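Any read-out appearing in this document is the output of simple, stated calculations on the displayed coordinates, not a laboratory observation. Note that the structure is a prediction, hence the values are computed from the model and not measured. Here the Cβ is made from the backbone with ideal geometry for all residues, glycine too, and neighbour counts use every protein chain on show.
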Amino acid sequence: MRTALFTSVGASSGTRLFRAGAMLAVGLAFLPSAASAQAPAPPQNPPRVEAAPQAVPGFWDPRRRPERPDLTRLTVIRFLTETDYPPFNYTGADGNPSGFNVDLARSLCDEIKVTCTIQMRRFETLLDALSSNRGDAIVASIAATPQLRARVDFTDPYYRAPARFVSRRDGVMAEIRPEYLEGKKVGVVAGTAHEAYLKAMFTDAELHSYPSDDTLRTALRRGEVDFIFGDGIALAFWVNGTDSGDCCAFSGGPFVEGRYFGEGIGIAVRKGNDLLRQALNWALFRVWEKGRYTDLWLRYFSVSPF
């Protein structure tokens, strides 16, 4: 089922937080959220802006540098990924694995200086392939959930999908707080964690629930609602794609509360494989520190979900 790039947080799939369609609180403290409402009272009518600021996310704290493990004990890393989940995993024009996850895995291999292979498999077969030693690590946008932690170990998160507000371009706000949306019509997909978050945090907004992402986005294009709220990565691709008709843009910044939007996406390894997990954590930090993560992010996300 791939009715959108990502499904909502809280969907029934337990293996990926954003299947068919979130990392780390450290390094994300600068991101605005509804919790910041304790700040001094803002103006009741915040100024409109042409577009909300975009940023490349940072998920690592430079003050917490991972220790370099004994990499000489690693001779090869067999990565597993899935076949069709663009832009994260897909088959390139040359028939080889491509995508953000694939390029990140290759960067980690370069940093560790170890031979790596990348095998593409159907998503539903990945965990079984890892447990039966047909691979060493899964890099396929799998969310680190308590249920999955009982089966596999995860590296530190290397990305997450924040929640975002989108408005029509003539109604963009640089910042969004609960008091800013008092009386505003806000659309959301029914039964999702995004809806639950709005009900808990944006109690004075006029909530409108829709059965699907398509009907939600159509409502915004037609002006039936002032804002919509949902998965930031899926919305980034919609805003920048032809389906939006250049109608809309992000308003305010990302919302990353783990209680609602998950722990984040990590690389899965077999339970107890601490050497590989620590090596990948070290390499992830190094790739970010050297700017290679930023280069990858900008290559695949022309409109940042952050």
Per-pair calculated FRET efficiency, R0 = 41 Å: Glu182 and Glu289 via Cβ, rounded to 0.05: 0.45
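Enumerate by residue number the trypsin sites (Lys or Arg not before Pro) in region 109-138 meeting two conditions: DSSP loop (anything except H, G, I, E, B), and at most 12 other Cβ atoms within 10 Å of the site's Cβ. Let's see the in-between values first.
Values: sites: Lys113, Arg121, Arg122, Arg134; in loops: Lys113, Arg122, Arg134.
Passing sites in region 109-138 are Lys113, Arg122.
So between Asp274 and Val76, what do we pick up on full extension, going 0.36 nm a residue minus the alpha carbon distance? All intermediate terms of the calculation are to be shown ahead of the outcome.
Values: separation 198, 0.36 × 198 = 71.28 nm, distance 1.52 nm.
Working it through step by step, the gained length comes to 69.8 nm.
By how many nm would the segment from Glu67 to Thr215 grow when fully extended, if each residue of separation counts as 0.36 nm and the alpha-carbon distance is taken off?
Working: separation 148, 0.36 × 148 = 53.28 nm, distance 4.85 nm.
Difference between extended and current length: 48.4 nm.
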Of all DSSP beta bridges having both residues in region 55-160, the percent classed as antiparallel (nearest 5) is 25
Where the centroid of each part is defined by its Cα atoms, how far is region 209-223 from region 229-257 in Å? 13
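Between the DSSP loop rule and a limit of at most 15 other Cβ atoms within 10 Å, which trypsin sites (Lys or Arg not before Pro) in region 224-288 are left?
Qualifying residues, ordered by number: Lys271.
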From the backbone phi of region 170-177, what are the Karplus-calculated ³J(HN,Hα) couplings (6.51 cos²θ - 1.76 cosθ + 1.60, θ = phi - 60°) in whole Hz, Gly and Pro given as x? 7, x, 5, 10, 6, 9, 10, 10
Determine, from the Cβ-Cβ distance of Leu298 and Asp84 and an R0 of 30 Å, the FRET efficiency 1/(1 + (r/R0)^6), rounded to the nearest 0.05. 0.80
Straight distance only, please: which lysines reach the Cα of Lys113 with their own Cα at less than 28 Å, same-chain residues fewer than 8 apart left out? Lys271, Lys290
Skipping prolines and chain starts, which residues have an amide H placed within reach, meaning under 5 Å, of the one on Lys184, given they are 5 or more residues away or on another chain? Glu206
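Run the numbers for Asp94 and Arg151: contour at 0.36 nm per residue of separation, minus the present Cα-Cα distance, in nm. Spell out each step's value before the answer.
Details: separation 57, 0.36 × 57 = 20.52 nm, distance 3.44 nm.
Once the chain is fully extended between Asp94 and Arg151, it gains 17.1 nm.
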Once the dipole of region 92-143 is set up with Lys and Arg at +1 and Asp and Glu at -1 on Cβ about the Cα centre, which of Asn133, Ser98, Thr117 lies farthest towards its positive end? Asn133
Hey, which lysines would be in cross-link range of Lys184, C-alpha to C-alpha under 18 Å, not counting anything within fewer than 8 residues on its own chain? Lys199
